[in-house]
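Undergrad: My questions will all concern the structure given below.
None of the figures in this text is laboratory data; all of them are computed from the coordinates on show. These figures come from a predicted structure and were not determined experimentally.
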Amino acid sequence: MMTFRLSLIFGLLILFCSCDALLQIADSASSIPVGAPTKDEISRGIREALIVGTQNTVEKTSQLNGFYNNPLIRIPFPPEAQKAEQTVRSLGLDKQVDQFVKTLNRGAEEASKKATPIFISAIKQMTLRDVYDIWQGENNAATRYLRNTTERRLKREFRPVIKEALDKVELTRYWNPVVSTYNKIPLVDKVNPNLDEYVLTETLDGLFLVIAQEEAKIREDPVARVSEILRKVFGYNR
């Protein structure tokens, strides 16, 4: 009789433990995301998002007036020479100043055409860790990745293009009268900024600003997800 009771108690313990284990398994199963994209889909989706975003950016910025007509990235008169701008405008050189600013932006638009292969190379070299950091990161995570991995090469590639572009649009033809007029004024601090480096810095800042806008659109706006893989990867609520 004692043996039967012990067997019964032991059996009930096993049953209760089994039920508890089954409940734990059920809880675990319910915590697995349903419809979550696979690793391969996330990898393809992030890469496609970067390609779409960078191509849109280059298309927008490299066209005529792509910089000049965009108030967010238009390259203004060099900050260190803004006092000179105000002064020479007051002396009747508005037209020359406006044309000078336009030629600055022409240089940026021309340089932007060289950006696509550099961006594509960085996208191809992404690791799975990079992919997940971008997917799970903030709205500008992809933009930060691209800037960190391409800025040095972009500077190297852009410098000669910007110099050639500024020479082509005869920047000094518009700059020299402005700066010469100002520097002839008694007691002013002479100005002569490095215009090539200034345009280079402004071009890169403008490019990455537009890339950040494109990235945010894909993350936030379903209409901007132009393929099934983008809709799955960015439509999934992580």
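Undergrad: Would you compute, for the Cα atoms of segment 39-235, the largest minus smallest coordinate along each principal axis and list the three values in descending order, in whole Å?
TA: Result for segment 39-235: principal-axis Cα extents of 67, 30, 27 Å.
Undergrad: Okay, next question. Past the 28 Å Cα-Cα mark, which pairs from 124/217; 155/232; 163/190; 83/217; 113/217; 60/95? Please list the in-between numbers first.
TA: Values: 124/217 22 Å; 155/232 35 Å; 163/190 23 Å; 83/217 38 Å; 113/217 22 Å; 60/95 26 Å.
Beyond 28 Å between Cα atoms: 155/232; 83/217.
Undergrad: Could you run the Karplus curve 6.51 cos²θ - 1.76 cosθ + 1.60 with θ = phi - 60° over segment 53-63 and give me ³J(HN,Hα) per residue in whole Hz, x for Gly and Pro?
TA: x, 6, 5, 4, 5, 5, 4, 6, 7, 8, 6
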